Amino acid sequence: MTVGIHRLPGVGAEVLGVDLAQDLPDREFEFMRAAFAEHGVIFFRDQQISEAQHIAFAQRWAPININRFFAAHPDHPEIALVSKERDQTSNIGGGWHTDHSYDRKPALGSILVARELPPEGGNTLFASMYAAYEALSDELKDQLGGLNAVHSVRHVFGEGGAYYVDNDAGGDRIGNTAAAEKLPDVIHPVIITHPLSGRKALYVNPAFTIRFEGWTAEESQPLLHQLYAHCIRPEFVHEFVWRPGSIAFWDNRATWHFARNDYHGHRREMHRITLGGEPLSGAPPT
Ligand code: OGA
Ligand code: MN
């Protein structure tokens, strides 16, 4: 098979000509690694992989990071179940975010496999934080280059967090408030040098960033909201339409994502494996 790449508008690329159920030759794997670093999110179509093959593919990229808050697959604890039942109204990931920015070593990325899809809807949007950074004015790039931001998980997965109070995505699908309560807030640079590509990317997100370091939350809101509005400009975004056999593999340090919640009354089940990452460093002044 000849591997190829089809670049998508906004962000991301589809990898063509690979069968993830097979042992991939090094050459194909290196091709994918380059595509992942360049595009921030890569997609695969028409794949038929078992849970064990999903795990083996993930392990080839990086050590698996077991999510502390989502329900685990009953037979494969490495796989988190990202599901929405017929009678649920809230979903997981239904706001713009990047996974695990609340960790000192934020997860490299996630490999999400579609297992059960609604007849329509349930698309996932991705936004490029490389493109968002690059489109900022030089003035704002300079200002942000000198800032760090504080990220936290408690207001989302902790006691009284959004998933417990405001919606029904919790229940037996999300848990472990104790772990969320214990996790200390962390600081990351607002502009990071991406560990794989060496490019600069904007690294704040609406779900887990609570303020700039040294600023109050209230003082931080106007600039954070300005950045959030900027980051989802249509030219930085791709809306991925899932089909049976689709797989998305995104880089949490280069993209945001958003799971549309527009398929009430239908079930959707995705299998997610999260890959461990590393501490993030800032960008040298321009
Ligand atoms: C996730 C997530 C998106 C989706 O698994 O981290 O946000 O479309 N899921 O299910
Ligand atoms: Mn997510």
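With the convex hull of the Cα atoms taken as the outline of region 36-157, the averaged projected area works out to 10.2 nm². Each residue was assigned an accessible area with a 1.4 Å probe, and for residue 24 the value is about 20 Å².
Here the accessible area is traced with a 1.4 Å probe on the protein chains. For region 4-275, carbon and sulfur cover 50 percent of it.
The calculated FRET efficiency for residue 23 paired with residue 221, based on their beta-carbon distance and R0 = 30 Å, is about 0.05. In this structure, the amide hydrogen of residue 211, modeled 1.01 Å from its nitrogen in the peptide plane, lies closer than 5 angstrom to those of 150, counting only residues at least 5 positions away or on a different chain. Label-to-label distance for residue 264 and residue 278 is 4.6 nm, based on points extended 7 Å past Cα in the beta-carbon direction. Between the amide H of residue 5 and those of 16, distances stay under 5 Å, these residues lying 5 or more places away or on another chain, with hydrogens modeled in the peptide plane. For region 4-275, the per residue solvent-accessible surface stands at 41 Å², with DNA, RNA and ligands left out and a 1.4 Å probe. Backbone phi angles across region 125-140, fed through the Karplus curve with coefficients 6.51, -1.76 and 1.60 (θ = phi - 60°), yield HN-Hα couplings of 9, 10, 10, 8, 7, 6, 5, 4, 4, 4, 7, 6, 5, 4, 4, 5 Hz in residue order; Gly and Pro are listed as x.
For residue 59 and residue 16, the FRET efficiency from 1/(1 + (r/R0)^6), where r spans their Cβ atoms and R0 equals 35 Å, is about 0.90.
Let me have the relative contact order for the chain, percent, based on Cα pairs under 8 Å that are six or more residues apart.
Computed value for the chain: 36 percent relative contact order.
The dipole here belongs to region 4-275: it is taken about the Cα centre, uses +1 on the Cβ of Lys and Arg and -1 on the Cβ of Asp and Glu, and is about 160 debye. Which is farthest toward the positive dipole end of the chain among 40, 16, 123, measuring Cα position about the Cα centre, with Cβ charges +1 (Lys, Arg) and -1 (Asp, Glu)? Of 40, 16, 123, it is 16.
The values are calculated or read from the model by the stated rules, or taken from the named source; none is laboratory data. Every value quoted in this text rests on a predicted model; they were computed, and no experiment measured them. Ideal geometry is used to build each Cβ from the backbone, glycine not excepted, and the neighbour counts take in all protein chains shown. Heavy atoms of the whole protein, side chains included, go into the accessibility calculation; ligands, DNA and RNA do not. Shrake-Rupley method; radii C 1.70, N 1.55, O 1.52, S 1.80 Å.
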